[in-house]
Structures are given as C-alpha cells and as structure tokens.
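Novice: Below you'll find the structure I mean.
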Amino acid sequence: MKGIDDESADRKEWTELYRNTKYLKEQGLIMYVIPSYRYSDKRIARFLATHFYNVGMMRFSDDDYDDFRQCIFIGNKKTGKHKEFNQKLFDFLIQMESDEFVMENVTPVDRFVAANKKWSVPAGVEKLRTFYTKLANKSDFVEGIRKSKGFQAFKNRSKPRQLDIGNPILPLNVGQLALLLASGAVNGEIGEGDNYHLVQGLELVKKIPSEEKKVHDNGSVTTITKIRTRREVSVKVITPQGKILKLV
C-alpha cells in the first residue's frame, strides 16, 4: 500500500484512516482492515485509541490469516472535541507487531460472528433533498472537450516527442547520458517511414553494499557497512517491425 519506489510518502493505511475519519459521522461505525503488524505503528495506534470507543479487534480466520496476515478493527467514532485516550487499547495495539501475540490474543472473525457480537450504526439524514437530472447526449460535450485547455495539455503530454539528434558530440560519459535521460531528451520518436523508431531512455539507480571488517587490538571485530550509489543507463529502441533493441 505504498507508492512504487516511494520511500518518503506516508503509507496508505495511515493516510486513508486519517482522511476517512474526518467524513465519518459522530458515533458512526468504522471497519478498518490492514495488515496486523501495522496496528503497532504508534501514529495509527494512538489515533484509534483516541477517536473510537466500543471497539473490537479480530483477525482473519485460521484458513485465511496465513495468506493475508490482516486484522479488522471495528469501533464507533467518539463525539465532541475533547476525547479521552484509551491507554489499554493503545498498549494492546502496540504489541500487535508480534505475530505470536496476534495469534494468541486476537480472536478470529468467524468466532466473533458465532458469538453474535453487534455494533449500532446511527441513522443518517432523515430528509433527503430532491434533485433532478436528465440523460445527456455525449455529442453535446465533444466540442467543449476539444477546445478545453485540459484536453490540449493531455494531448501534448501523451504525444511522443520528435527527437532531433543533429550531430551529437560523442562519446558521452555516464554522467552526461544520465543528465539527458533525466531531462527526457532520450524519450520519443525519431526518423520516419521505414526508419521510424520509438526510443525510451531510463536511468537506473542501484544501491551497492560493501562490508569492511576492522580487527581491534583486543581481538574484537567491527564490521562497517558502506552503501554506494551506482547509476546505470538503459536505452531501448523499438523498430518498425516491432523488434526491441537495447543499445546501452
């Protein structure tokens, strides 16, 4: 539940919990399903222990838990601005990082169902506003879409760019190639007719670990791990016949 190759962004479990709780009605019921170990995140645990009451925690059934490792939190949203912190719930959630703790202390969902445990859901808005609409013909929107700035921007972004190589200075070192790739100068189309090709250039960043052991006078050994960044270049070309060639 994290963006691809995105180490700095918030995980979606926390983002969705915080965002959806804002729109949940007071005394409204939440059903929050995430991997069991994520409940031990202090930010998530503190939020649940602060904003919900009449809570229940259950894990997937024995048949499914090994495959998904997920648990279900159910609770009603507290009312008012000043909410009492549930220390007992917080301490319980923190311990859910341990799979052994979850298996011993969290009840499977099928046992909850058998125990006939129930939660109340508050009534919604009693009176609904009347609104009117009609089925529109899609042709009525074609001209407006064609002239819209957003659609023009989409066309410009999605259209392959024609590359003008000219007389390049060769050879290029890895750093110069990486700069061209980062600026998008090696992405697009080149040539025409039988010589028409699509070009894609990528900069591949790899982390290379290395270890260095230092022996002290007392015989103890200290291991120093160093990680260096290595940048590699990948340039691929698709020919008119559909053949993919890797140049670098």
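Novice: Give me the accessible area of GLU211, 1.4 Å probe, in Å² rounded to the nearest 10.
Specialist: Probe radius 1.4 Å; accessible area of GLU211 about 130 Å².
Novice: To continue, here is another question. What value, in deg cm²/dmol to 500, does the helix sum -39500 (n - 2.57) over DSSP H runs of n ≥ 4 give at 222 nm once divided by the residues of the chain?
Specialist: -8500 deg cm²/dmol
Novice: Here is a further query. Any idea what Rg and Dmax come out to for region 13-65 if you just take the C-alpha atoms, in Å?
Specialist: Gyration radius and largest Cα-Cα distance of region 13-65: 11.8, 35 Å.
Novice: Quick one: how many Å² of ILE145 are accessible to a 1.4 Å probe, rounded to 10?
Specialist: That residue has around 80 Å² of solvent-accessible surface.
Novice: Roughly speaking, what is the centre-to-centre gap between region 191-248 and region 72-147 when only Cα atoms are used, to the nearest Å?
Specialist: 44 Å
Novice: Return the distance in nm (one decimal) between the two label points of a simple spin-label model at GLU104 and ILE238, each offset 7 Å from Cα along Cα→Cβ.
Specialist: Result for the modelled spin labels: 5.6 nm.
Novice: Please enumerate, by chain and number, the lysines with C-alpha under 30 Å from the C-alpha of LYS243, excluding those fewer than 8 residues away in the same chain.
Specialist: Hits, sequence-local ones excluded: LYS155, LYS159, LYS206.
Novice: What percent do you get for the relative contact order of the chain when only Cα pairs under 8 Å and 6+ apart count?
Specialist: 12 percent
Novice: Considering only protein heavy atoms, with the full assembly of protein chains and a 1.4 angstrom probe, order ARG38, ARG11 by accessible area, largest first.
Specialist: From most exposed to least exposed: ARG11, ARG38.
Novice: With both bridge residues required to lie in region 34-147, what share of the DSSP beta bridges run antiparallel, to the nearest 5%?
Specialist: The antiparallel proportion sits near 80 percent.
The values are calculated or read from the model by the stated rules, or taken from the named source; none is laboratory data. Since this is a predicted model, take the numbers as computed values, not measurements. When we count neighbours, we look across all protein chains shown, and the Cβ atoms used for this are built from the backbone with ideal geometry, even at glycine. What goes into the accessible areas is simple: the full protein's heavy atoms, side chains included, and nothing from ligands, DNA or RNA. Shrake-Rupley method; radii C 1.70, N 1.55, O 1.52, S 1.80 Å.
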